[in-house]
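I have placed the structure first, in the form of structure tokens, so that the comments after it can refer back to it.
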Amino acid sequence: METPASTDTPKRGMPLHTKIFTSLLVGAGAGALAQATMTADNEQLQAFVKNVMQPIGQVFLRLIFMIVVP
């Protein structure tokens, strides 16, 4: 005898809001760790922010604007 399809629910991964909150906490922790281990005037930290994080942030914001503005 077959079981109804409604009881065969596939397992889902972590909910989206949990992923977002976890990423927020990991990012805040990474920022706090960078601030605690390296001062704000550290050349390596400034170079990383300027050459890596700033372009990624700009691309992210431009993608959001491309979706929202039109």
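Structure notes:
- As a fraction of the 1.4 Å probe accessible area of the chain, surface on carbon and sulfur atoms comes out at 69 percent.
- Dipole orientation for the chain: of the candidates 57, 38, 70, 70 has the Cα lying most toward the positive pole (charges on Cβ; Lys, Arg +1; Asp, Glu -1).
- Extension gain, residue 12 back to residue 67 (0.36 nm per residue minus Cα-Cα distance, nm): 17.0 nm
- Full extension of the segment from residue 25 to residue 52, taken as 0.36 nm per residue of separation minus the current Cα-Cα distance, would add 7.7 nm.
- Rg and Dmax over the alpha-carbon atoms of the chain stand at 20.6, 71 Å.
The values are calculated or read from the model by the stated rules, or taken from the named source; none is laboratory data. All of these numbers come straight from a predicted model, not from anything done at the bench. Backbone-built Cβ (ideal geometry, glycine too); neighbour counts: all protein chains shown. The accessibility values were calculated without ligands, DNA or RNA, using every heavy atom of the protein model including side chains. Shrake-Rupley method; radii C 1.70, N 1.55, O 1.52, S 1.80 Å.
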